[in-house]
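Okay, structure first, notes after.
Values quoted throughout were computed directly from the atomic coordinates according to the rules given, and no laboratory measurement underlies them. Only a predicted model underlies this, so the values are computations on that prediction, with no experimental measurement involved. All Cβ positions, even for glycine, are placed from backbone atoms using ideal geometry, and neighbour counts span all protein chains on display.
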Amino acid sequence: MESAMGGKIYVGVGGWTYEPWRGSYYPNGLKQKDELSFMAQNTSSVEINGTYYSTFKPDSWMKWRDETPDGFVFAVKASRYCTNRKVLSEGGESFDRFLSQGLTLLGDKLGPINWQFMGTKKFDAEDFEGFLKLLPREKDGVRLRHALEVRNPTFACQEFYDLAAKYGAAIVYAVDDEEPTWPQIDEATADFSYARLMSSREDEPTGMTSEELDAVAAQTRQWAERGDVFAYFISGAKVRNPAAAQALIAKLK
């Protein structure tokens with residue numbers, strides 16, 4: 001959806017294949033092959049998580065592209081083989097393998113790539129800059145936007161923010177009530193924002209109360225002042241996340 005402030009706001013969830021959604025979110029009788037197109041009618045984006053664990057063939061990327069409407073966008077989680085390594089700047093071959101599997105076939109439906117790091121990964125300025133230097137700005141004529149999801153408190157420092165800004169990478173704003181040590185960084189380091197909201201609760205039909213969703217909507221509108229926003233309800237009470245995404249979309253209209 002367009003924000004009156006400037007950037008577009010995309011709201012969605014992580015993935016679209018989740019058995020407990022069948023009958024609670026997906027209608028009874030909906031074929032599994034139709035779940036993505038159903039999800040795409042009710043949200044504006046999805047974060048593909050399966051890419052963290054494995055690669056997909058070009059046919060899969062083209063299928064996902066063709067099953068979703070114009071304006072729908074996919075964020076893509078980078079492979080763990082790229083981020084779960086002692087020396088990040090030595091991962092060039094892994095980065096190329098991940099980026100060459102076919103994701104650029106999404107074309108203008110390719111949103112940001114989320115490079116997620118484990119909580120044990122500490123900030124090392126030299127190595128992290130070496131990593132950022134290896135991330136291409138485009139591939140196959142398609143723009144690549146990079147988002148950095150860091151989970152160690154050592155990243156909550158100006159040197160990291162400056163590095164991210166130097167290379168135009170967004171820092172993921174991640175909120176998880178069960179992980180108080182994760183840094184919640186809200187810094188404008190790129191021309192887009194990326195949020196992973198992990199606080200949905202099963203006792204709320206829409207994952208969060210209306211007041212809580214109002215606060216998320218207000219924050220999302222603020223981010224939109226500086227560019228596009230990609231916000232995903234992930235983890236938490238996963239069964240409630242599609243409803244949370246739809247409720248947030250309704251509040252942003």
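Things worth noting here:
- Relative to the compact-globule estimate of 2.2 N^0.38 Å, the Cα radius of gyration of the stretch 9-252 comes out at 0.98.
- The alpha carbon centroids of the stretch 201-227 and the stretch 126-148 are separated by 30 Å.
- Least to most buried among 87, 73 (fewest other Cβ within 10 Å first): 87, 73
- Segment residue 19-residue 90, length gained on full extension (0.36 nm per residue, minus Cα span): 21.8 nm
- Debye, to nearest 20: dipole size of the chain, +1 on Lys, Arg Cβ, -1 on Asp, Glu Cβ: 640 debye
- Computed over the stretch 96-144, the percent of Cα pairs more than 18 Å apart is 40.
- Taking each DSSP H run with n ≥ 4 as -39500 (n - 2.57) and averaging over every residue of the chain yields -8500 deg cm²/dmol at 222 nm.
- Listed peptides 171-180, 94-103, 238-247 by packing density, highest first (mean Cβ within 10 Å): 238-247, 94-103, 171-180
- Packing-based exposure ordering (other Cβ within 10 Å, fewest first) of 115, 182: 182, 115
- Each of residue 179 and residue 239 was given a label point 7 Å from its Cα along the Cα-to-Cβ line. The distance between the two points is 2.3 nm.
- Considering only 105, 18, 6, and ranking their Cα positions along the charge dipole of the chain that arises from unit charges at the beta-carbon of Lys, Arg, Asp and Glu, the one farthest toward the positive end is 105.
- Maximal additional length on extending the residue 55-residue 108 stretch stands at 17.1 nm, based on 0.36 nm per residue less the C-alpha distance.
- Summary of packing: across the peptides 185-197, 122-134, the per-residue average of other C-beta atoms within 10 Å ranks them, highest first, as 185-197, 122-134.
- For the stretch 229-234, Karplus couplings with θ = phi - 60° (6.51, -1.76, 1.60), whole Hz, Gly/Pro x: 10, 10, 10, 10, 8, 10
- Fewest-first sequence of 157, 82 by Cβ atoms within 10 Å of each Cβ: 157, 82
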